Structure formats: C-alpha cells, structure tokens
1. For GLY90, only one of the following conditions fails: (1) modelled with pLDDT of 95 or more; (2) farther than 14 Å from MET67 by Cβ. What is its number?
2. It is to be established whether one or more residues within the stretch 322-344 are at negative phi, within 16 Å of the ligand (Cβ to nearest atom) and of a type in the set (A, V, I, L, M, F, W, C).
3. Across the stretch 35-73, what is the number of residues that are within 16 Å of VAL353 (Cβ to Cβ) and either of a type in the set (Asp, Glu) or open to solvent by 30 Å² or more (accessible area, probe 1.4 Å) (or both)?
4. For ALA376, state whether it is in contact with a helix residue (DSSP H, G or I) (Cβ under 8 Å, 6 or more places away or on another chain), aliphatic (A, V, I, L, M) and not assigned by TED's automatic domain parsing to the domain that holds ALA237.
Amino acid sequence: MSTLITGIAELTTQDPERRVLHDAAIIVDGDRIAWLGSAAKAPAADERVDAGGRAMLPGWVDSHTHMVFAGDRSAEFEARMAGQSYAAGGINVTTRATREAGDEQLAALLRARIAEAVRGGTTYLETKTGYGLDVAEEARHARIAAGEVDAVTFLGAHLVPAGADAGEYTDLVCGPMLAAVRPYAQWADVFCERGAFDEEQSRRVLLACREAGLGLRVHGNQLGPGPGVRIAVEVAAASVDHVNHLEQADVDALAGSWTGWDRDSAEGEPGTVATCLPACDLSTREPLAPGRLLLDAGVEVALASNCNPGTSYTTSMNFCVGTAVLQMGLSLDEAVRAGTYGGALALRAQDEVGSIEVGKRADLHLLQAPAAIHLAYRPGMPLTHAVWRAGKRIV
Ligand code: NIG
C-alpha cells in the first residue's frame with residue numbers, strides 16, 4: 001500500500017544541495033520512503049493525503065532518556081529553583097521509588113512517557129536503566145524497556161548506591177549485573193563525574209561492556225570539567241552526553257574523532273557525537289552546552305530530551321530544538337539536524353532513520369506550521385500535527 005502526501009509547504013531533506021523543498025510531496029510505500037520531490041512531479045499512489053500547507057521534518061530521534069522510573073522529585077526541582085544546586089544523590093530517591101513499583105506499573109509509566117514523546121514528534125527513542133542499581137532491578141528495568149523502545153542502554157554505573165563501596169559496586173556492574181542486563185541492552189553508559197564514577201571506574205565499566213558486545217556512550221562533563229569526554233573518545237564511544245564543561249583538549253579530542261567522516265556524503269567512520277541536553281541545562285542551571293563551538297570544530301552534535309525525574313522532566317524535542325536555536329546559537333537547520341540525524345548517529349542508526357531519504361524508514365513529523373522555524377518562533381506551542389512511524393500514522 002503506497003500513500004502520496006502532498007501539500008507539504010516545506011520538506012526538510014538530507015540533500016546537502018537543497019535542504020528544504022517547497023511545495024513538495026512524498027510517497028510512503030509500506031514502512032519506507034519511496035519517493036520525494038516537487039508536488040507537480042509526483043507519481044500516483046494507492047491513496048493520497050493532503051498535508052494542508054504544513055512543514056514536514058523527519059521524526060525526532062531522542063537518543064538520551066531515562067524513562068524507566070517511578071516517583072516524584074518536583075520538590076527537589078522547586079528547591080533548586082530557590083537556589084540549591086543539583087546533586088547526583090537525588091538518583092537514590094528515584095531508585096527507592098522505582099524498586100517499589102511492580103512490573104505492570106513501571107511498564108505503564110514508561111508507555112505513558114513514550115506516548116507523550118510520540119505526540120511531540122519523536123519516532124525513535126533510546127532509554128536507559130540506572131534507577132535499579134542492583135542486579136535484579138537493573139535486569140528488570142532493562143527487560144521492561146526492551147519491549148517498548150528502539151534502543152536500551154545499560155546504566156548500572158549511574159551512581160554508587162548509598163552505603164555501598166565504590167570499588168565493589170563497580171565489580172558488580174562489570175560482572176553479574178552486566179551479565180543479567182546483557183540480553184536486553186544494545187548500549188552501555190557510565191556517569192563519569194565527581195560524586196558518581198571516577199576515571200578508573202568509568203574506564204573499567206566501559207571496557208567490560210565493550211567486551212560483552214555492547215556499544216558505548218558516556219555521561220561526561222555535566223557538572224564540571226573532568227575526564228568523561230576524553231575517555232569517551234578513547235574507547236570510541238558513539239556519544240558523550242551533557243558536555244557542559246569543556247576544555248579545549250576535550251573539543252580537540254571530539255573533533256579528532258570525526259576526521260574519518262565526510263559530513264556531506266555521510267561516508268566514512270562516524271566518531272563520538274556530542275549530545276547536548278538543553279532542557280536539562282535549564283533545569284539544573286548549568287551553562288548551556290557549547291553546541292555552536294562544537295559544530296564549528298567539526299563535531300557532530302545531537303540534541304536529546306534527557307527525560308528523567310531529576311534533571312529534565314520533559315519529553316519535548318520540539319522544546320529542545322527550539323531552545324538550541326534561541327539560546328545555543330544553532331541555526332534552525334543545525335538544530336533540526338541535531339534532533340534527527342545527530343541523534344541517529346549517536347545511536348548508529350543513521351542508515352535507517354534520522355532523515356527523509358528514499359529507502360529510509362518512513363518516520364515523518366508534520367508540524368502545525370508552514371515552516372520549521374516556528375519551532376523557535378513559537379516556543380512552547382503544540383506544534384506537532386501528525387506523526388508517521390515506519391509508514392504508519394500514529395498521531
Ligand atoms: O542525565 N546525570 C546523570 N543522570 C541524569 C540525572 C538523573 C537524576 O538526577 O535522576 C541526567 O541528567
């Protein structure tokens with residue numbers, strides 16, 4: 001069954017020559033994009049949908065979330081707005097609440113968050129464990145996530161649980177916990193930060209997870225300068241996320257990881273994506289990640305929601321992309337690319353999703369606006385009109 005969507009005022013494509021097509025049309029055949037071009041030249045299809053003069057983008061690829069959780073930390077947030085600083089210890093609060101939630105309850109909470117993300121145009125989603133912090137709970141959270149999202153990341157190394165010895169806990173993460181989570185996860189992550197895991201512990205976790213066949217990502221340089229970015233590049237992680245406090249050596253290391261990649265042709269070996277999380281930066285009152293600087297240095301940048309109860313309780317990629325334009329100095333094109341193709345690169349899913357190209361999965365986001373710049377021009381407005389995932393209309 002093929003569908004011709006016409007009446008697209010502005011179609012964001014991956015073509016380096018003409019990023020945007022006006023008065024465009026697209027044909028979806030099954031779960032794939034089969035054709036795109038000028039509406040005047042569109043071939044026939046089995047059915048026809050009129051986009052009504054709206055703008056169409058690829059669906060958002062949200063490459064960093066922590067959606068498997070129960071409980072509420074709004075009081076912590078309120079205290080932060082009154083001047084308290086963010087401390088990773090709040091993770092323990094969510095861990096307690098999440099351990100108390102049964103499988104059904106946890107799955108229902110996760111599904112509700114995914115549904116919210118989808119209603120905001122997200123069509124490809126990663127989520128992490130990290131609120132279990134013991135073998136059985138980490139495995140349970142990974143198992144629940146595995147049936148619901150596109151990519152699962154093992155984050156047993158999120159925090160050393162209260163009262164535990166850091167070295168012994170790191171051994172547990174690298175041994176029995178990794179073995180228990182492995183069947184459900186494709187990725188592994190470590191929170192490399194003062195108050196969480198130090199350089200040696202982080203490296204140990206990453207190498208053990210790589211040995212087990214997981215792809216790697218790192219939470220790095222969120223709350224202060226540190227070794228996170230450099231370790232991420234050293235182990236060839238697919239992304240390093242947060243990147244708020246960077247030194248020149250960090251930027252150079254990230255840029256160096258992209259020298260084998262041709263941005264225009266998307267050929268070569270991708271390096272370590274710098275994932276910026278602007279909603280988190282606002283919620284923790286950290287300086288916004290230097291996305292402009294990183295792009296200028298030749299680093300591929302992703303934007304993600306970081307949906308979690310501690311530092312960024314939003315699923316809105318529309319908000320993150322709009323904020324990147326308003327406050328991070330990214331152009332609209334750069335911000336949209338970071339929220340789609342950048343996220344796909346961070347999940348090494350760029351051959352399948354993240355751009356509107358013939359042959360790719362038909363993940364489409366139709367805005368309630370004639371042009372994508374409305375994401376920044378009309379901040380906070382409900383701008384998602386329709387969403388297709390793998391060719392199926394889901395919003
Ligand atoms: O990505 N930084 C570490 N992890 C989360 C926050 C977790 C929490 O506070 O619950 C983040 O911001």
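The values are calculated or read from the model by the stated rules, or taken from the named source; none is laboratory data. No experiment lies behind these values; they were computed from the predicted model shown. Cβ atoms come from the backbone with ideal geometry, glycine included; neighbour counts cover every protein chain shown. Please note that ligands, DNA and RNA were not included when accessible areas were found on the heavy atoms of the full protein model with its side chains. Shrake-Rupley method; radii C 1.70, N 1.55, O 1.52, S 1.80 Å.
1. Unmet for GLY90, out of (1) modelled with pLDDT of 95 or more; (2) farther than 14 Å from MET67 by Cβ: (1).
2. There is no residue in the stretch 322-344 that is at negative phi, within 16 Å of the ligand (Cβ to nearest atom) and of a type in the set (A, V, I, L, M, F, W, C).
3. Within the stretch 35-73, residues that are within 16 Å of VAL353 (Cβ to Cβ) and either of a type in the set (Asp, Glu) or open to solvent by 30 Å² or more (accessible area, probe 1.4 Å) (or both) number 2.
4. Numbers: in contact with a helix residue (DSSP H, G or I) (Cβ under 8 Å, 6 or more places away or on another chain): yes; aliphatic (A, V, I, L, M): yes; not assigned by TED's automatic domain parsing to the domain that holds ALA237: yes.
Yes.
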